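Written below as structure tokens is the structure these notes are about.
The values are calculated or read from the model by the stated rules, or taken from the named source; none is laboratory data. It should be emphasised that the depicted structure is a prediction, and the values quoted were computed from it without experimental measurement. As a convention, Cβ positions derive from the backbone with ideal geometry for all residues, glycine included, and neighbour counts pool all protein chains shown. Ligands, DNA and RNA are stripped out before the accessible areas are found, and what is left, the full protein with its side chains, is counted by its heavy atoms. Shrake-Rupley method; radii C 1.70, N 1.55, O 1.52, S 1.80 Å.
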Amino acid sequence: MVICDAIEELIGNTPVLRLNGGLIPQGKELLLKLEYFNPNFSIKDRTAWGLIKYSIEKGDLKTGDIIIESTSGNLGKSLAMFGASKNFEVILVVDPKIDKSLLNMYKAYGAKIVTVTEKDDKGSYQKTRINKVEEIILSNPEKSFFWPNQYENDFNQKYHYNNTSNEFLNVKADFITSPVSTGGHISGIAEKLKEVQSEIDIIGSDVKGSCIFENNGHSYLLNGVGLSWKSSNLKEEYIDFYSIIPDDLAISICRYFSENYGLLIGGSAGLSIATALKALQKSSYKKGLAIVPDTGINYLNQIYDDEWTNSQGISIKKSEELRNGINNIEIKKV
């Protein structure tokens, strides 16, 4: 029995599950790095702790500061958890896409919530949320705010390079797929891996409508992925390929893996796994690893709810239709 003295000591060493059969090509293996085994059920526990840890060490975050951040879900949950454990007030700026269960988790940790309702020029809410963060800081000069700014703070990528990446060094795979948002975890992991396994391919997976790899912005349904711009935390020199996956295919993948493998995964994992399944069709790849950032528990009222998917015009793909969707994915060079 290992006894820990702080929540951050529970972060990491998440398991890897090996799968074959079903949608996985015959003779190939798919490994899943299950990040929902972190204490607050997502990879963002790592990001949040890195932003807090390095900022305290640098002197940017001090006792009495108010942590304020724009979030689409998981980072807010992780910051709220650490705010409660480290005695910081936390304000989270969110948008209408967020699942109610996440809002209740924020409140359970004592965080305050501000919701924006206006979309930005790309049909998303990210820029609007950031504008609200800046507005709150500027309109309250008497208060001391700390804005981690997960999108542009290089402590994000630094933490994943120094820590998360070490868990991938002994995993033998031909490629790794990961969803992309801020770019912090995929870039940190990729940079370290390229130093020791230059032959491994890193494939970023993004949602259709995001502007990270292709400037064709429009609204999309998935939370926790995509951006209306390209974050400075994304180091494209370490990313070999990318794919663009539509909402309906990613959500269908989530439903398939819950029903056929007993894995309740979040929408961003649908992107990562769909891309890995497509990559495994390539003859030179025998084994791939897909990062699963969070749990589907966060989305029971959305992607796992038939009423919600029907209301959003999402038709869940089954069997051959799902295979055809995977076959139609394009994996492009960065």
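Given a 1.4 Å probe and the protein chains all in place, what does the accessible area of Trp147 round to, in Å² to the nearest 10?
About 60 Å², ignoring ligands and nucleic acids.
Output ³J(HN,Hα) for the stretch 78-86: one whole-Hz value per residue in order, computed from phi by the Karplus curve 6.51 cos²θ - 1.76 cosθ + 1.60 with θ = phi - 60°, and x for Gly and Pro.
Rounded to whole hertz, the list is 5, 4, 5, 4, 6, x, 5, 7, 10.
To the nearest 500 deg cm²/dmol, what mean residue ellipticity at 222 nm is calculated for the chain from DSSP H runs of n ≥ 4 alone, each contributing -39,500 (n - 2.57), summed and divided by the residues?
When only DSSP H runs of four or more count, the value is -10500 deg cm²/dmol.
Would you mind checking the tilt of helix 44-58 against the longest principal axis of the Cα atoms of the chain, expressed as 0 to 90 degrees and rounded to 10?
Tilt relative to the chain: about 40 degrees.
Using a 1.4 Å probe, how large is the accessible area of Arg323, given in Å² and rounded to the nearest 10?
Rounded to the nearest 10, that gives 90 Å².
Counting only the heavy atoms of the protein chains, how much of Leu103 is accessible to a 1.4 Å probe, in Å² to the nearest 10?
For Leu103, the solvent-accessible surface is approximately 40 Å².
Can you sort Lys28, Lys119 by solvent-accessible area, 1.4 Å probe, largest first?
Lys119, Lys28
Tell me the net charge near Tyr285. Cut-off is 14 Å between Cβ atoms, Tyr285 excluded, with +1 for each Lys or Arg and -1 for each Asp or Glu.
On the way: positive: Lys28, Lys172, Lys278, Lys282, Lys286, Lys287; negative: Glu29, Asp174, Glu199, Asp201, Asp240.
So the environment of Tyr285 carries a net charge of +1.
Taking the solvent-accessible surface of protein heavy atoms with a 1.4 Å probe, what is the per residue accessible area of the stretch 63-143 in Å²?
45 Å²
Determine the gain in length on full extension of the stretch Lys230-Gln26; use 0.36 nm per residue of separation and subtract their C-alpha separation, reporting nm with one decimal.
Between Lys230 and Gln26, full extension yields 69.8 nm more.
Using heavy-atom solvent-accessible surface (probe 1.4 Å) with all chains present, what is the largest-first order of His185, His160?
Working: His185 25, His160 0 Å².
Largest to smallest exposure gives the sequence His185, His160.
Treat each spin label as a single point 7 Å out from the Cα along the C-beta direction, and report the Asn162 to Glu135 distance in nm.
If labels sit at Asn162 and Glu135, their model points lie 3.6 nm apart.
Would you mind checking the tilt of helix 126-138 against the longest principal axis of the Cα atoms of the chain, expressed as 0 to 90 degrees and rounded to 10?
Here the helix axis deviates by roughly 10 degrees.
Do any of Lys158/Lys208; Lys77/Lys158; Lys192/Lys286; Lys53/Lys107 go past 25 Å between their Cα atoms, and which? Working shown, then result.
Values: Lys158/Lys208 28 Å; Lys77/Lys158 21 Å; Lys192/Lys286 22 Å; Lys53/Lys107 23 Å.
Listed pairs above 25 Å: Lys158/Lys208.
Accessible area of the chain with a 1.4 Å probe: how many percent of it is carbon plus sulfur?
Carbon and sulfur atoms account for 47 percent of the accessible area of the chain.
Rounded to the nearest 20 debye, what is the charge dipole size of the stretch 63-143 about its Cα centre when +1 sits on each Lys and Arg Cβ and -1 on each Asp and Glu Cβ?
That gives the stretch 63-143 a dipole magnitude of about 300 debye.
Working out 0.36 nm times the residue gap between Glu9 and Asn301, then minus their Cα-Cα distance, what length gain in nm do you get to one decimal?
On the way: separation 292, 0.36 × 292 = 105.12 nm, distance 3.09 nm.
Additional length available on full extension: 102.0 nm.
Counting only DSSP beta bridges with both residues in the chain, tell me the antiparallel percent, nearest 5.
Values: 9 of 40 bridges.
Just about 20 percent of them are antiparallel.
Between 0 and 90 degrees, rounded to the nearest ten: what's the tilt of helix 247-261 against the longest Cα principal axis of the chain?
70 degrees
Considering only C-alpha atoms, what is the centroid distance from the stretch 219-267 to the stretch 19-41, in Å?
Centre-to-centre distance over Cα atoms comes out at 15 Å.
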